[in-house]
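Have a look at the structure below, then the notes.
The values are calculated or read from the model by the stated rules, or taken from the named source; none is laboratory data. Everything numeric in this text was worked out from a predicted model, so none of it was measured. Cβ atoms come from the backbone with ideal geometry, glycine included; neighbour counts cover every protein chain shown.
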Ligand SMILES: [Fe+2]
């Protein structure tokens, strides 16, 4: 395979379009994101980590506009603009925090932004709870645990999953243009040569990074399957689950459970326009010594505990 043009550092944000920004902000606030900025036609939501924003909504008919990733340098933006077919020039971002960007179109037609130099904000304070686990019985000796009723405390954006009829070509495109590397591949049970899904992480070299930043799953049509956000821990995820359930019961799709590939504890919610937003915590982290594995679909795509994926999850492909 060709060498990648650049290697992204991380996922940066998701950019959606929604007709009603009030409705969008209400859901995202209950989901655990915090308003960073709002104009007449844009909503910027942040998480607890210092990134300026991790979720952008533009006012308009419902659409998934783009997924953004951090470049490691401004030089990488220039390289990408020069070498990737169909790439934009290096543009100045006229948004909070400034910065530069190159726009691309992914194999399935999904918009991709590769960005650099967006000024961060200070991290938000978070509540942290120490657990008295069975194997560490007195970690919180003498202290009480009270989580209260509140949204999850989202840490950062974690990954995006694209539904596609062409998993192989989609992954090839993403490895070439974004420099992601495979963590786990999943094939059909009865045909080891038929790729069903591919989990890819940032190429962090010796550094440990999340099990996947971008995943592709086989589907009849293409679109965004889901976008995912890390929360602080299991208590924080379950607290947010109850909070969302009290307000948006009809938007709960799947969870709480624990995935096999990536090992995250997960919980999936639909935003007001049907786009799937995941909470997760406790991901595997891998580096270049971690190797690569292939799995049968029936083994790899199972929940380790909790319910298995409903059909509506498997059908999700928002455009
Ligand atoms: Fe996910």
**Top-ranked residue of segment 146-166 - restricted to ones that are away from the ligand (no atom under 16 Å from the Cβ) and farther than 24 Å from residue 34 by Cβ, ranked as surrounded by the fewest Cβ atoms within 10 Å (Cβ to Cβ)** = 165
**Unmet criterion (only one of (1) assigned to a loop (DSSP other than H, G, I, E, B); (2) touching a helix residue (DSSP H, G or I) at 6+ places or on another chain (Cβ under 8 Å); (3) surrounded by 10 or more Cβ atoms within 10 Å (Cβ to Cβ)) for residue 114** = (1)
**Asked** (1) farther than 16 Å from residue 227 by Cα; (2) modelled with pLDDT of 95 or more; (3) in a loop (DSSP other than H, G, I, E, B): which one isn't true of residue 79, the others all being true?
**Response** (3)
**Request:** Hey, could you check segment 278-295 for residues that are in a strand (DSSP E or B) and near the ligand (Cβ under 10 Å from one of its atoms) and say which is surrounded by the most Cβ atoms within 10 Å (Cβ to Cβ)?
**Result:** 279
**Request:** Restrict the check to segment 214-229 and report whether at least one residue is more than 16 Å from the ligand (Cβ to nearest atom), closer than 30 Å to residue 127 by Cα and in contact (Cβ under 8 Å) with a residue 12 or more places away in the chain.
**Result:** no
